[in-house]
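The values are calculated or read from the model by the stated rules, or taken from the named source; none is laboratory data. Since the model is a prediction, treat every value here as computed from it, not as a measurement. Heads up, the Cβs are rebuilt from the backbone with ideal geometry, glycines too, and the neighbour counts pull from every protein chain shown.
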Amino acid sequence: MVSGFAMPKIWRQIAMDISVTTAKVGRRRYLTLIMIFITVVICYVDRANLAVASAHIQEEFGITKAEMGYVFSAFAWLYTLCQIPGGWFLDRVGSRLTYFIAILGWSVATLFQGFATGLMSLIGLRAITGIFEAPAFPTNNRMVTSWFPEHERASAVGFYTSGQFVGLAFLTPLLIWIQELLSWHWVFIVTGGIGIIWSFIWIKVYQPPRLTKSVSQAELDYIREGGGLVDGDAPVKKEAP
């Protein structure tokens, strides 16, 4: 067990290691990591918003607890079924386009949940959310593999994974406040709207390593020599017949 006194030393050492490395080879890969982190936060907020609004939804539509269970399960059903197709699509078109379509798709579905008219529309929209969120973590893994050498990869995964708990722990109270101030409908409208905006920021900013103009050759070499697949996160090119 790490003591409370030891933890600050660990963080200082991590910061020092990052500082020394970035001074030598550059830090563009950390922008990508921050973008993944933000996407994970949005992804998990769009999962948690239903739990925040469920009691008010049940009251407004007269939905039983059992029926509400179907609404919650609809996400998981399609999320599970679309893991392999989502991975196949990711392999075909790369992370940039996959995440743009995924973020935009689940965010539009989330926004429209604010305009749901009853049980079936909620089930359908949650199912669509599950479809578009399915490629999320395969995409994260692909990007980290492309942008980080092996000895930095676990730290990168740990950082972006923490985004799910930031979304649940720190933003859930904000969703509750929005619900009490406005209505449950606005919980979905706000979270969906943020995701839609972020999807266009994503497609504007993100590129795979070898297509990113702001990454230095020294950083690309550092990633490649450490086992990073800097050429691996691009769309598959069809061979000429």
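Within the span defined as the stretch 63-73, one or more residues are surrounded by fewer than 16 Cβ atoms within 10 Å (Cβ to Cβ) and not in a helix (DSSP H, G or I).
In the stretch 207-229, the residues that are closer than 18 Å to His151 by Cα reach residues that are in a loop (DSSP other than H, G, I, E, B) and hydrophobic (A, V, I, L, M, F, W, C) with C-beta atoms within less than 8 angstrom, at least six apart or across chains, in these pairs: Pro209/Val215; Pro209/Val230; Leu220/Val230; Ile223/Phe148; Ile223/Val230; Arg224/Val230; Gly226/Phe148; Gly228/Phe148.
Taken over the stretch 103-151, the criterion of being crowded, with 22+ Cβ neighbours inside 10 Å and among the charged types (D, E, K, R) is satisfied by Arg126, Glu133, Arg142. Apart from one condition, Leu175 fits all of (1) of a type in the set (A, V, I, L, M, F, W, C); (2) at pLDDT 90 or above; (3) crowded, with 17+ Cβ neighbours inside 10 Å; the exception is (2). With respect to the stated conditions, Gly86 is farther than 24 Å from Glu180 by Cα and out of contact with any helix residue (DSSP H, G or I) (no Cβ under 6 Å at 6 or more places or on another chain).
Residue under question is Arg12, and the condition is that it be out of contact with any Gly (no Cβ under 7 Å at 6 or more places or on another chain), surrounded by 18 or more Cβ atoms within 10 Å (Cβ to Cβ) and at pLDDT below 90; does it hold? Judged against the criteria, Arg12 is not a match. Scoring Ser95 on the criteria (1) surrounded by fewer than 23 Cβ atoms within 10 Å (Cβ to Cβ); (2) touching a helix residue (DSSP H, G or I) at 6+ places or on another chain (Cβ under 6 Å); (3) at pLDDT below 95 leaves a single failure, condition (1).
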